[in-house]
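Each remark here refers to the structure printed beneath this line.
Just so you know, all these numbers are worked out from the coordinates, no wet-lab data involved. The structure presented is a predicted model; accordingly, all values stated were derived computationally and were not measured. Every residue, glycine as well, gets a Cβ built from its backbone with ideal geometry; the counts of neighbours run over all protein chains shown.
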């Protein structure tokens, strides 16, 4: 009888442990699904740059457009190439802006911009997963993390039904406002980006800049 009781207790504990593991296991996604890289794929964004320097009476807002185009793998560089172009408005001709190098290792997407290597995305995707986006460069540590998984993101008249957010920085106090995050739509790629770094005095922004990118169009050329 005691043997049967012991076996019953073991089975019960095993069941409870498995149930707990099942409940606590986070829902996971593949990062590559949120930044698919197909040759000749392109993304066009509205770009808003705000620059403030109150000491010299600078309060500038610049509106342009930015285009990214995936070129493909460069065997010499051992990275994929993403070329970027800029123009002042939709009626103007695109001009070359810069080149981004991209490389997927086993779990992470490396993004090389201005000779700085960032970890833009990492597998698997699940809520609150964090990593140091600057681990491969000399900049200060930034704790990226995933949030708002599988949610609808809307801005202006645009609606994206299945997105994830990568939070990069968030520091708000009496003397500074620092914010940086990106939104990725499944099977499309980055649809929104915002970054800001301002000094504050008496509740007013006195120096710094912000950048906002909003996806306007995407496809294959």
Item checked: Label selected from [x] 44, 36, 33; [y] 72, 36, 32; [z] 87, 50, 39, the criterion being Cα extents along the principal axes in Å as computed here -> [z]
Margin query: Roughly how far apart, in whole Å, are the Cα centres of the stretch 195-221 and the stretch 51-114?
Written below: 15 Å
Check: Given the Cα-Cα distance of residue 128 and residue 212 and 0.36 nm per residue of separation, how much length would full extension add, in nm?
Finding: 27.9 nm
Next item on the list: Sort 116, 194 so that the residue with the fewest other Cβ atoms within 10 Å of its own Cβ comes first and the one with the most comes last.
Entry: 116, 194
Check: What length, rounded to one decimal in nm, is gained on full extension from residue 55 through to residue 200, with 0.36 nm per residue of separation minus their alpha-carbon distance?
Finding: 51.0 nm
Notebook entry, point to check: Comparing 113, 182, 76, which has the greatest mean-square fluctuation in the GNM of the chain with Cα pairs linked when under 10 Å apart?
Noted result: 76
Margin query: Can you tell me the orientation of helix 2-24 relative to the chain, as the angle in degrees between its alpha-carbon axis and the longest Cα principal axis, to the nearest 10?
Written below: 10 degrees
Next item on the list: Can you tell me the FRET efficiency between residue 148 and residue 48 if r is taken as the Cβ-Cβ distance and R0 is 22 Å, rounded to the nearest 0.05?
Entry: 0.50
Note to self: Please list, in order, the residues from the stretch 101-122 whose amide nitrogen is less than 13 Å from a point placed 7 Å along the Cα→Cβ vector of residue 139.
What the structure shows: 111-121
Next item on the list: Can you tell me how much longer the chain between residue 221 and residue 97 gets when fully stretched, taken as 0.36 nm per residue apart minus their C-alpha distance, in nm with one decimal?
Entry: 42.8 nm
Check: Using the 10 angstrom Cβ neighbour count as an exposure proxy, how do 157, 148 rank, fewest first?
Finding: 157, 148
Checklist line | Relative contact order of the chain, pairs being alpha-carbon contacts under 8 Å that are 6 or more residues apart, as % | finding: 20 percent
Check: Considering the zone a paramagnetic label at residue 38 would reach in this model (a point 7 Å from Cα along the Cα-to-Cβ line), which residues of the stretch 143-187 have amide N under 14 Å from it?
Finding: 186-187
Check: What ranking do 215, 101 get, fewest neighbouring Cβ atoms within 10 angstrom at the top?
Finding: 101, 215
